[in-house]
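Please read the structure below before turning to the comments.
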Amino acid sequence: MRDARSWWFSAQLFGPSFLFCWLLASLLWPAVARASTLPPPTFPNTPPDYLPPGQIQAHIVQHSDFVPRWKPTDQQMLLQAGLPIPAVVVAPTNVFSDPPAHLPASSPPFLAGWQPLLTLDGLPALATHPCRLLGRSPGPRSLLLEQLRQEPFPVASKAGFLPTQWICLFPNLAQAHNVMAQFALHSEARLFPESLFVGFSTDGRIFYGRRWVTQPLGSPPPGWQLHRLFFPTHIQGPVALLWELRRPHRISQPPAFQLANLSVEQFTPLPPGCRQLDPSLPLSAPPRQVSKGLNLPPYPDLAPTGMAGHVARLQKSRVHWARIEFQGHPRPLPAGRGARLAYFDLKHYDILLGLLCAGSPPIAVLALLDYALGPDDSWRRPEERALYRTTFVAWADLLVRYYQDRVHAWEVWNEPDHVRTALPPTEFARLLNATTEALKAVDPTAWVVSGGLSSIGPGANAYLRQTLAALDPTRPAPFDALGIHLYPGAEPRVDGQSVRDPSYLTRNAPLQQLLGTLTAAGYAGWPLWVTETGWNRAADSRAPATFACATIADTMVDGAAQAAYLPQQFDLLFNLNWEATGQPVVAKVFWYQYADVGITADEADCAESAGSPHTIVDWWYGLYSGIDAAVGIFEPQPNPVACTFRAYPVPQELKACLEGPSAGR
């Protein structure tokens, strides 16, 4: 009766116009739905293939997502951005108390990494399928697989079930640390909303997950989108996965959702030992724990050899450490609770870290936690920084708990003194304190590196002094190493020209001044990690816009100089000792970067000189070339600097690199 009264009241309120629109929509929707039905998409689904963050939506389900309850305004902000909202569904009965007869007796055998539990195609037999319609007998015709094969998801709603629920049971995942549901989703706009819920349960009754809701009529169709829904928890028994469709009960309209490429997977950790990695250089000087590293973007361009090919190049180049930034949702979201959810593609990073730390030789990881962690950019607004700090610490806590078996070193923020990524020194000190406290609470032996300063000039030195002064002297130091970035810049200058060779580090003794600041603040003997350094070999470019970009033209070099400067700078840094102890000042040096790229003139701070802010200029710091299918380059090719990086510190090998037939090419 309540539904009938509500329908009658709506008709009286909106009058004939409402009823006319409803009737017209009912007549037209079948044709609209038929015209807009898309063929099932194809997405790369297994390593080494991967998709960048803009083509995949990752959602991490945590219990903290649901407390306190969500406000309608926060839900609406997420829906307007085309994202699902956190939701909880309570099953009518405990799904574990009446398991279907066809449920397999056990889960797949224990294997490290991601392993499939369910896929849409390739099943050995329908009788082993672990899914069924909730509330129906577990006969073959009620299986989710058969429902999906008949026509676009979902078809059971035509029988009048509201809501329609499918349940998938996995009896024993006690060794799993993560479960993921992956699917491609396409939805049509509807006047009367429909929704799709996907969620996990470990008690058989309460399901935690995400709910996708159709956009209002007239909204542009979003197209197919690949989703990964993660449930990272140390599972002690069975897991249930619920799919629930909610449709209008008394309105006839075509189903809004299509689903394809369904799979469910579990993750079990790699064998222990990766977190203990600390490869070092075979220097003949007194014992030194120094290493050479490389900045590796987490989503390098997709090549035929995939991610495994990229990691193989690092191994061939004798890279000891890889600095990898953790990136979440690629676009900022409006202020609100939805921007503070976790959107990391855990499977992608699991694959990447597995290739690095389980390879031959293994490569250690410095995990970079900075502004790319999520779509919340409220760190830019002073009045919202305290709330952002809480969010950032929660993200860091999630990642260190999940990756502590593979990652031992964490860098907090990136270039806090740079105009584009700046935090006031006092705020950076607060962020560093809070994040380090959270990291150490989970992993007391973890190494924490303070976010690399963008330079070591007077401005950066002043910023460091103010940051150290803002730290609480009664608490343990919130960093184990100081991160710095070293690039030739506008200063110093000789005869009006910037100094481009490594002697820029010795003129005016900028490193010594930085060490003096550390000593004065009580941090004498603290190691430095040079988390970025390099030269742009854009002098080899033929792009006029690159030469017109003043910030690039002032310091760019050619490939021969880039290759020669690398060992000179490594020698200078690794031979610098603390006067009091004789220990090396610099523990790690990370070359910037893995492969050449192009960036916009705006990103290079030269929009006025190069023309349009969107003009692409060359950013050729890489050991390897970028991928350029237009000229037949499908795999990164080594630049001359790749030879000297690999050869360092062996004199004979360095000489061959600098004097051999390929030198300077």
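The values are calculated or read from the model by the stated rules, or taken from the named source; none is laboratory data. Given the structure is predicted, the values throughout are model-derived calculations rather than measurements. Note that we place each Cβ from the backbone using ideal geometry, even for glycine, and neighbour counts take in every protein chain shown.
Residues that are more than 29 Å from residue 565 (Cα to Cα) and surrounded by 22 or more Cβ atoms within 10 Å (Cβ to Cβ) occur in the stretch 454-469; there is at least one. Taking the criterion of being crowded, with 21+ Cβ neighbours inside 10 Å and either under 8 Å from the mean Cα position of the chain (by Cα) or of a type in the set (S, T, N, Q) (or both), the residues of the stretch 322-342 that qualify are 326, 327, 329. Please work out if residue 416 is assigned by TED's automatic domain parsing to the domain that holds residue 356, touching a Phe, Trp or Tyr at 6+ places or on another chain (Cβ under 6 Å) and either surrounded by 21 or more Cβ atoms within 10 Å (Cβ to Cβ) or part of a loop (DSSP other than H, G, I, E, B) (or both). Answer is yes for this residue. If you check 437, 427 for being among the acidic types (Asp, Glu), under 23 Å from the mean Cα position of the chain (by Cα), more than 16 Å from residue 528 (Cβ to Cβ) and at pLDDT 95 or above, only one passes: 437. The condition (being of a type outside the set (Val, Ile, Thr) and within 30 Å of residue 164 (Cβ to Cβ)) is satisfied by just one residue among 346, 277, 333: 346. Residue 121 meets all of the listed conditions (1) surrounded by fewer than 16 Cβ atoms within 10 Å (Cβ to Cβ); (2) farther than 22 Å from residue 350 by Cβ; (3) within 29 Å of the chain's Cα centre (by Cα); (4) modelled with pLDDT of 70 or more but one, namely (4). Applying the condition of being modelled with pLDDT under 90 and of a type in the set (Gly, Ala, Ser) to the stretch 228-257 and asking which residue is nearest to residue 184 (Cα to Cα) yields 256.
One residue stands out among those in the stretch 269-283 that are aliphatic (A, V, I, L, M) and either outside any loop (DSSP other than H, G, I, E, B) or farther than 23 Å from residue 347 by Cβ (or both): the one that is modelled with the highest pLDDT, which is 281.
Between 516, 525, the distinction of being on the phi > 0 side of the Ramachandran plot, of a type outside the set (Phe, Trp, Tyr) and either at pLDDT below 90 or surrounded by fewer than 19 Cβ atoms within 10 Å (Cβ to Cβ) (or both) belongs to 525 only. Restricting to the stretch 402-432, name every residue that is touching a residue at least 60 places away in the same chain (Cβ under 8 Å) and among the charged types (D, E, K, R). Hits for the stretch 402-432 are 405, 406, 411, 415. Could you say whether any residue in the stretch 341-363 is over 18 Å from residue 646 (Cβ atoms) and either polar (S, T, N, Q) or in contact with a Ser or Thr (Cβ under 8 Å, 6 or more places away or on another chain) (or both)? No, because not a single residue in the stretch 341-363 is over 18 Å from residue 646 (Cβ atoms) and either polar (S, T, N, Q) or in contact with a Ser or Thr (Cβ under 8 Å, 6 or more places away or on another chain) (or both).
For every residue, the table says whether it meets (1) of a type in the set (A, V, I, L, M); (2) in contact with a strand residue (DSSP E or B) (Cβ under 8 Å, 6 or more places away or on another chain); (3) outside the structural domain of residue 202 (by TED's automatic domain parsing).
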| site | (1), (2), (3) |
| --- | --- |
| 216 | no, no, no |
| 258 | no, yes, no |
| 295 | no, yes, yes |
| 312 | yes, no, yes |
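Considering the stretch 191-211, and only residues there that are of a type in the set (Phe, Trp, Tyr) and surrounded by fewer than 22 Cβ atoms within 10 Å (Cβ to Cβ), the residue that is modelled with the highest pLDDT turns out to be 208. Scanning the stretch 355-403 for residues that are in contact with an Asp or Glu (Cβ under 8 Å, 6 or more places away or on another chain), crowded, with 20+ Cβ neighbours inside 10 Å and in a loop (DSSP other than H, G, I, E, B) returns no hits. For residue 224, the stated conditions hold: it is at pLDDT below 90 and touching a strand residue (DSSP E or B) at 6+ places or on another chain (Cβ under 8 Å).
Regarding residue 488, is this residue over 19 Å from residue 420 (Cβ atoms), in contact with a helix residue (DSSP H, G or I) (Cβ under 6 Å, 6 or more places away or on another chain) and surrounded by 17 or more Cβ atoms within 10 Å (Cβ to Cβ)? Yes; evaluated as a whole, the condition is true for this residue. In a residue-by-residue description of the stretch 343-354, the property of being out of contact with any Leu (no Cβ under 7 Å at 6 or more places or on another chain) and either of a type in the set (S, T, N, Q) or surrounded by fewer than 19 Cβ atoms within 10 Å (Cβ to Cβ) (or both) applies to no position. Of the strands (runs of 3 or more DSSP E) lying entirely inside the stretch 225-268, those containing at least 2 residues that are in contact (Cβ under 8 Å) with a residue 40 or more places away in the chain, within 18 Å of residue 88 (Cβ to Cβ) and under 21 Å from the mean Cα position of the chain (by Cα) span 225-231. With the requirement that a residue be out of contact with any helix residue (DSSP H, G or I) (no Cβ under 7 Å at 6 or more places or on another chain) and outside any loop (DSSP other than H, G, I, E, B), what does the stretch 325-342 give you? The one that is out of contact with any helix residue (DSSP H, G or I) (no Cβ under 7 Å at 6 or more places or on another chain) and outside any loop (DSSP other than H, G, I, E, B): 339.
Picking from residues in the stretch 580-603 that are among the β-branched types (Val, Ile, Thr) and surrounded by 16 or more Cβ atoms within 10 Å (Cβ to Cβ), the one that is farthest from residue 531 (Cα to Cα) is 600. Candidates 545, 524, 539: the one that is in contact (Cβ under 8 Å) with a residue 60 or more places away in the chain and either closer than 30 Å to residue 473 by Cα or not in a loop (DSSP other than H, G, I, E, B) (or both) is 545.
Would you check if residue 260 is modelled with pLDDT under 85 and aliphatic (A, V, I, L, M)? In short, yes.
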